Amino acid sequence: MAQSETVRRILDAAEQLFAEKGFAETSLRSITSKANVNLAAVNYHFGSKKALIQAVFSRFLNPFCASLERELDRRETLRPTKIASIEELLEMLVEQALVARLGRDDDLSTFMRLVGLAFSESQGHLRYYLNDMYGRVFRRYMALVQEAAPQIPPVELFWRVYFMLGASAFSMSGSKALQAMMQSDFGIDISIDKVIKMMVPFLAAGMRAPSSLLESSLIDAQACLCKSPSRSTKP
């Protein structure tokens, strides 16, 4: 078996099992069994379970962030002084996500399920890795979001981004069940692409809503959103 094929099979198996069982409950042995490879192959190509978890995320995020950065560069060149709307920025993310998916309709659903797990399980190494590898691109993007919603204090904007991520993760990770409900209740099929695009006006309204903060200590914490998370030593 070619090395590239071995790696693909390991990543496919790990992605599916992590999404189904979570990171902690998925053993390397179960991954090797599903991928039909031996444990030595996982150790050779990835070195550890942590590195394998990181590689599963990178398989989606490498093309996604490369595409997003090209779009940010293009926008900076063509419209350097124009402030983008929240809708335009969300549509930018949608377009890059659709470009980056690996070719199966369930790729985005699986990835968003993994994103939810990354925050619900103790995966400090993963959050540090993602910030280290992709933080620069997302900070560029967030600078545009701040420009588009200058009336929202950074602390509240920080939380709204995570509210948006949570809503997206729930909707996308459960998209098959929701699509089945749509078919049952309305008698129509709807593609995942259309579902994602329908989220844009909903999420934009939430991002743009008036601030609800009253405490001056939170309103004045202007630097909080820009700080990089400290390196975590947690497993």
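Taken together, the values in this text are just the output of simple stated rules run on the coordinates, not laboratory data. Computed from a predicted structure; not experimentally measured. Heads up, the Cβs are rebuilt from the backbone with ideal geometry, glycines too, and the neighbour counts pull from every protein chain shown.
Counting lysine pairs in the chain that sit 8 or more residues apart in sequence, or on different chains, and whose Cα atoms lie under 23 Å apart gives 12. Computed about its Cα centre, the charge dipole of the stretch 1-47 is approximately 100 debye, with only Lys, Arg, Asp and Glu carrying charge at their Cβ.
Classify the stretch 83-166 as rounded, prolate or oblate from the Cα gyration tensor: take a ≥ b ≥ c as the square roots of its eigenvalues, call it rounded if a/c is under 1.5, otherwise prolate when a/b beats b/c and oblate if not. Don't skip to the end; give the middle numbers.
Details: a/c = 1.86, a/b = 1.27, b/c = 1.47.
Oblate, because a/c is 1.5 or more while a/b does not exceed b/c.
Only DSSP H runs of four or more residues enter the estimate; each adds -39500 (n - 2.57), and after division by the residues of the chain the mean residue ellipticity at 222 nm equals -24000 deg cm²/dmol.
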